[in-house]
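Some notes on the structure that comes next.
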Amino acid sequence: MTPGTTDVPVVVYHDLESWAAMRVLSLVALIVLVVAHVFDVDLGVFWVFAYGIPGSTAAIAVMGRRRIELDSTGIRVYRRGKLRLQRPLSSFSRLKPLFAGTVAIVFDDGAWTWIPSVGQEGTTLLDFLSATREAEVVRGPTRGSNVLEMRVTALRFPAGTCVGCGREATTTVDFEASSGWNFIFVSWGVSRTLRAPACERCQSRRKWLFRGAFALPAVSMLYVLPGPWSPPGQPDPIRTVAFIVAVSSFLGLIRWGDALFDRWLFGLWGFSLSRDTSRVRLRVRDPGLRHDIAGLARSPGTGVAAVDAEGTTYVL
Ligand SMILES: [Zn+2]
């Protein structure tokens, strides 16, 4: 992508993608707040949204909603219709992760602007921007390591073959690459869906394996419950063990089940996003597939892209 070419479409980002929708949502949230206060209703965790939506809409309205345009000639930031920042793409330096879900676009001279790294427009803009960098290094495969690292948009799979078994691909499987924290029931960060070609057999094996795995905690839990197999009220070490097995395997499955089964079935696991969301790291067991993925990443336009129209999303 060289500056001066005009065949590249303009990428446009607006603060709060759908302004009209945000205003309607804010109005709804304000009505909910008034009703909740008048009738003393406890909104629980929804207080966050009830205040957050109108709050952020108001903040953007006060600061002035921005429009950011990006094309092969450079980047332009408008606020209230006025051009506030303009730089050629060649002066783009790096993406700097800010708090969760936002990144700063930093230029060589230190000027910067921020955008959310989530949502359709933000993701498209960041994908475009990161693709303009020097043909960036695909890390791996290296001897003794099954880790590959590359731009998210450079991740491609061989077309037409299942990533699990190499048979003809008739469907797809989704993997989640995320960045942030995951404490089983509480997670925080951003996530992007990566799609790979697969066959129906591997897809349904994955589904049934995951469901079947929950049978262990379920059966253990049944044993813990009082029943004819165990008179209630008597201390029973087997029931204590069954309880521990049930709870720990349930929590373990929630937290590590996907990675475990994807490693087993597809030999693809350990997906993670860089904090600025532009790069992905993954593990590939099969050396042949590992070399293919690295090769496809180095030759743009080949294979099938793992990312599609879906952007990066918040995980909460
Ligand atoms: Zn397969």
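The values are calculated or read from the model by the stated rules, or taken from the named source; none is laboratory data. All figures in this text were calculated on a predicted structure; none of them were measured in a lab. Ideal geometry is used to build each Cβ from the backbone, glycine not excepted, and the neighbour counts take in all protein chains shown.
Tell me the residue from SER179, SER187, SER191 that is surrounded by 12 or more Cβ atoms within 10 Å (Cβ to Cβ), closer than 28 Å to GLU149 by Cβ, modelled with pLDDT under 85 and in contact with a Ser or Thr (Cβ under 9 Å, 6 or more places away or on another chain), please.
SER187
If a residue must be touching an Asp or Glu at 6+ places or on another chain (Cβ under 9 Å), assigned to a loop (DSSP other than H, G, I, E, B) and either of a type in the set (Lys, Arg) or within 18 Å of MET22 (Cα to Cα) (or both), how many such residues does segment 37-89 contain?
The number of residues fulfilling the criteria is 2.
Scan the strands (runs of 3 or more DSSP E) fully inside segment 146-262 and keep the ones with 2 or more residues being within 16 Å of the ligand (Cβ to nearest atom).
Answer list for segment 146-262: 171-183, 186-198.
Would you mind stating whether GLY119 is in contact with an Asp or Glu (Cβ under 8 Å, 6 or more places away or on another chain) and within 16 Å of the ligand (Cβ to nearest atom)?
For GLY119, the condition - in contact with an Asp or Glu (Cβ under 8 Å, 6 or more places away or on another chain) and within 16 Å of the ligand (Cβ to nearest atom) - is not met.
Which ones in segment 290-316 are among the β-branched types (Val, Ile, Thr) and either at pLDDT 80 or above or under 18 Å from GLY160 (Cβ atoms) (or both)?
ILE293, THR302, VAL304, VAL307, THR312, listed by residue number.
Report whether or not THR313 is assigned to a loop (DSSP other than H, G, I, E, B), hydroxyl-bearing (Ser, Thr, Tyr) and within 13 Å of THR193 (Cα to Cα).
So THR313 fails the test.
Could you count how many residues in segment 194-215 are within 16 Å of the chain's Cα centre (by Cα) and surrounded by fewer than 18 Cβ atoms within 10 Å (Cβ to Cβ)?
1
Which of the residues spanning segment 263-305 are over 12 Å from the mean Cα position of the chain (by Cα) and assigned to a loop (DSSP other than H, G, I, E, B)?
Passing the criteria: PHE266, GLY267, ARG285, ASP286, SER299, PRO300, GLY301, THR302, GLY303.
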